[in-house]
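K.L.:
One structure, pasted below without further comment.
What follows draws every value from the coordinates through simple rules; no lab data is involved. In this text the structure is predicted, and so the values were computed from the model without any measurement. For neighbour counting, all protein chains shown are included, and Cβ atoms are generated from backbone atoms with ideal geometry for every residue, glycine included.
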Amino acid sequence: MCGSSPQITKGTRALILVGGYGTRLRPLTLSTPKPLVEFANKPILLHQLEALVSAGCTQVILAVSYRAEQMEKELKLEAEKLGVELIFSHETEPLGTAGPLALAKHILNASTEPFYVLNSDVICDFPFKQLEQFHRNHGKEGTIVVTKVEEPSKYGVVLYDEEGCIKSFIEKPQEFISNKINAGIYIFNPSILDRIEVKPTSIEKEVFPVMADQQELYAMELPGFWMDIGQPKDFLTGMCLYLTSLRQKQPTKLYTGPGVVGNVLVDPTAKIGQGCRIGPNVTIGPDAVIEDGVCIKRSTILKGAMVKSHSWLDSCIVGWSSIVGRWVRLEGTTVLGEDVIVKDEIYINGGQVLPHKSIAASVPEPQIIIVLSTEAAALADEESISGSGTYQASQWQSRWLPLHKYHLSVNYTNALEPKLRQWR
């Protein structure tokens, strides 16, 4: 390290990369841009904005392309409450992870002070003050936050010396070299903008290696938890980590009451019935209704959703205004999009249901569930549990292709009762 320990400068700026389509988090992002999807009862992006403001940031640039107008409309009020200026930088074509910096160069270059850059789907304790202090101490052009992971072979790992000076990046190593990866949180001096043009560019693959070769890039190890919550499985894992951190730092924000187990976060406007078993690791959003005898663990219930009596949910995301019927069992990272109806006594294992669909047949294997318009009337019929159609798509794409149909009629009440007794 070099230099003394200067005071943290107030009035810093940040750029958040929010231009993606959020395809990994579908079906939720078919209704709402990923940065606005609620994580622990508030939009993902709001967690980042609050942390930036707490660190003294007064101006945040959002690099947007997909549903930019919706984000502007919904974030304007939140920005006013926080006292932060939001600037929307519109991409007419995808510019990768470096191009948006060049597009906003005229704003970022307005000051000689360093600025933050972060990915929009990262959740952690956001150590922005420590990051700025670390960056100023070493005096080089850039600093990236690194975090430890259990399976580094899935990522590109970062190699650096004892002082944090980055030596190299190794993409998805087959043998163990390091367990430290890029956490998607950075701070740069404005001089980095001279390295980037307004064109599709990867900052990780095209900019960072050059900076490392010139010894202009340092790594700061992240204290605490971290998760990229860009897909449902990781979204739920990140929720568990976040609630654990909340227990340690702000335990009064967690919900307590009869039938609550472990870390549970409940909006004050939500209603929970009698004889329920809620937790561990559950978040319940505004105006949600949980009827009597419901068991929920490791799941997120979004705004306005309803879970009817005696249903059992494990590792699920229930979308806005969706209704889960009586004696339903959902598990295996099942995700219901907005305004989905699951009829009574249905079993879904790993299903991902598109918005505004009604499910009246059980889905025993993970799949994407689509209901064609010709069958919509049948599915709306209360008596049509037998013979209704669900479809599987091989991957999330802009077009949805039906591959095959299930015809099932199974009463899961008897199978559910032993599990419900166990939970109670």
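K.L.:
Where in region 136-155 is the amide nitrogen less than 19 Å from a point lying 7 Å along the Cα-to-Cβ axis of ILE170?
P.N.:
Answer for this model: 146-155.
K.L.:
Assuming R0 = 41 Å, what is the FRET efficiency of LEU246 and ASP213, from their Cβ-Cβ distance, to the nearest 0.05?
P.N.:
0.50
K.L.:
Given the Cα-Cα distance of GLU163 and THR269 and 0.36 nm per residue of separation, how much length would full extension add, in nm?
P.N.:
33.3 nm
K.L.:
Within region 130-144, find all residues whose amide N lies under 12 Å from a label point positioned 7 Å from the Cα of SER178 along Cα-to-beta-carbon.
P.N.:
Under cut-off, by backbone N: 144.
K.L.:
Let me ask another. Given +1 on the Cβ of Lys and Arg, -1 on the Cβ of Asp and Glu, and no further charges, what dipole in debye does region 69-201 carry about its Cα centre, rounded to the nearest 20?
P.N.:
About 220 debye.
K.L.:
Would you mind computing, in nm to one decimal, how far apart the modelled labels at GLU78 and THR256 are, each placed 7 Å from Cα along Cα→Cβ?
P.N.:
3.0 nm
K.L.:
Moving to a separate point now. Using a Förster distance of 35 angstrom, determine the FRET efficiency expected from the C-beta separation of GLU150 and HIS106, and round it to 0.05.
P.N.:
Taking R0 as 35 Å, the efficiency between GLU150 and HIS106 is 0.25.
K.L.:
Here is a further query. Students often get this wrong, so check it: of LYS73/LYS271; LYS271/LYS357; LYS140/LYS172; LYS81/LYS140, which have C-alpha atoms separated by over 31 Å?
P.N.:
Long pairs (Cα-Cα over 31 Å): LYS81/LYS140.
K.L.:
How would you rank 93-101, 265-273, highest first, on the average number of other Cβ atoms within 10 Å across their residues?
P.N.:
In decreasing order of mean packing, 93-101, 265-273 become 93-101, 265-273.
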